[in-house]
Amino acid sequence: MFGRIGPMELILIFAIALIIFGPKKLPEIGKAIGSAIRNFRQQSNKIADELENGDDQVQRDNRGDKNSEELKKTDSTTET
């Protein structure tokens, strides 16, 4: 019921916005809303990529713990 907006509702919303803001401001408002949505998508994609890369890094670190311990042992023996 609330999730579906039909064509009549869209026309009503547009008419109310036209009355409130006027015909000169609507393109500016639309541009600002579009820019905000675009920025939100870009930032959410960046966060998703960072989370995916972070998970991969954690998995690599967990797998590499044994290797890193062995490397530390060999590094400490070569330094002395």
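Under the Karplus relation 6.51 cos²θ - 1.76 cosθ + 1.60, θ = phi - 60°, what is the ordered set of whole-Hz ³J(HN,Hα) values for the stretch 26-36, x standing for Gly and Pro?
4, x, 5, 5, x, 5, 5, 5, x, 5, 5
Need one number: nm distance between label points at LYS24 and GLU50, each 7 Å from Cα along Cα→Cβ, rounded to one decimal.
In this crude label model, LYS24 to GLU50 measures out at 4.1 nm.
Taken together, the values in this text are just the output of simple stated rules run on the coordinates, not laboratory data. Keep in mind that what you see is a predicted model, and the values were worked out from it rather than measured. In this analysis, Cβ positions are derived from the backbone assuming ideal geometry, glycine residues included, and neighbour counts consider all displayed protein chains.
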